[in-house]
2 protein chains.
Amino acid sequence: MSGSHPMRKPTQGPKAQTQLRTLERLEAACRTRGRRLTRQRRAVLRALLAEGGALTAYELHERLRVADGRSTPAGVYRALEFWMTAGAVHRLESTRSFILCEHPESPHPGQLLICHECGQVVETEDKGVAAAANRLGERLGFVLDRHPVELTGVCRPCRAQGRAAEPGRRPAT
Amino acid sequence: MSGSHPMRKPTQGPKAQTQLRTLERLEAACRTRGRRLTRQRRAVLRALLAEGGALTAYELHERLRVADGRSTPAGVYRALEFWMTAGAVHRLESTRSFILCEHPESPHPGQLLICHECGQVVETEDKGVAAAANRLGERLGFVLDRHPVELTGVCRPCRAQGRAAEPGRRPAT
DNA sequence: CGCAAAATGATATATTGTATCAATCAGTGT
DNA sequence: ACACTGATTGATACAATATATCATTTTGCG
């Protein structure tokens, strides 16, 4: 993930601030409800925060292992499972990686825009997309769940640098 | 995939007819453009058609191996890659499986509604969802590509049978 | 036919994700 | 402080998914 893409540097801008507050809120909320906030779980969340983007489970494992040699893949997956259940982490199916949720206080389903050139991920809560998806679901008898919708494409900086501009597909017809 | 879910039986209704025509058209189109339509590629496409739903690469491998003991996972992945490039097969990221495209003649990005109870997949080309997604992309500087959008939920039959009705999430806050 | 490009077969290996079970830890009541 | 209980972890093994490599075979074409 971050090894294969020129991932954006984790800045200390207002976004990181927000995430930090979010982190504290999540940790507190978790503690007060009988769910345990353990060393390992905290470590996973903080590693994702420090990264500022998506990481695979094994990349997380590598990072945690530096500070705690006993970290295992299974442990990382357990912690990720815990945070996903809590709504604090999303899984990116299309890149098999994990990322902090930027709107953990909202119950709405969101969208994740993923640049397949640089790996950047932008999380949104677009009413239009959500409504259109729900209407479609209704029409076909599906009740959609709240996993964020993944939309892949190329972000502006990558287009500007000439990395893949075409929407592409259809070599056949 | 089909082993773990009570997958719908492949019917011989009008849909299968359509798919069959589609199959022939694809095979022909492929042949006439310098791309090779080989035994293995044909076998993969036909196995997906026969299934009438999604299959993982290894499930496909199992099936092909019956008729041709030399089938390998690598070969299956290569054939799938070929058909995906041709727009004839979609990959379902959320279930790591593959399914025939039902609208291979259309260049529009589609949606895949996936029931996570029974595994059923419905492919659509909803203008509303597509437009909303593109607007969102524009707003954020992303040019979206044409991978179908995956929407997961529970289909009507599964809700009727009491399998999981709730949209669910948020045990935390 | 004979060449070059495309595709395959065979094999190995990388990556991603779970299962199991004994040991440990954290909260609770005493 | 102590023991009880359930949650969590550590350690290990393994399952499932996906790709790399390279020698060989097949195909299209002149």
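The values are calculated or read from the model by the stated rules, or taken from the named source; none is laboratory data. Just so we're clear, the structure is a prediction, and the values are computed from it rather than from any experiment. Neighbour counts are summed over all protein chains in view; Cβ atoms, including those assigned to glycine, are modelled from backbone coordinates with ideal geometry. Quick note on the areas: whole protein, heavy atoms, side chains included, nothing else; ligands and nucleic acids left out. Shrake-Rupley method; radii C 1.70, N 1.55, O 1.52, S 1.80 Å.
Scan the range B:70-85 residue by residue and report those that are within 10 Å of DNA strand C (Cβ to nearest atom) and not hydroxyl-bearing (Ser, Thr, Tyr).
B:Arg70, B:Pro73, B:Ala74, B:Gly75, B:Val76, B:Arg78, B:Ala79, B:Glu81, B:Phe82
Spot the failing condition for A:Thr95; the list is (1) more than 20 Å from A:Gly52 (Cβ to Cβ); (2) within 16 Å of DNA strand C (Cβ to nearest atom); (3) open to solvent by 20 Å² or more (accessible area, probe 1.4 Å), and only one is missed.
Status for A:Thr95: all satisfied but (1).
Filter the range A:40-58 for residues that are open to solvent by 10 Å² or more (accessible area, probe 1.4 Å) and either more than 18 Å from A:Leu112 (Cβ to Cβ) or free of Cβ contacts under 8 Å to residues at least 12 places away in the same chain (or both) and give the result.
Selection gives A:Gln40, A:Arg41, A:Arg42, A:Ala43, A:Arg46, A:Ala47, A:Ala50, A:Tyr58.
Taking B:Ala160 as meeting all but one of (1) out of contact with any helix residue (DSSP H, G or I) (no Cβ under 9 Å at 6 or more places or on another chain); (2) away from DNA strand C (no atom under 16 Å from the Cβ); (3) at the interface with chain A (Cβ under 9 Å from one of its Cβ atoms), write down the number of the exception.
Here B:Ala160 meets the rest and fails (3).
Hey, which of the strands (runs of 3 or more DSSP E) in the range B:39-150, taking only ones fully inside, have at least 1 residues that are more than 16 Å from DNA strand D (Cβ to nearest atom) and within 14 Å of chain A (Cβ to nearest Cβ)?
Result: B:97-100, B:111-115, B:121-124.
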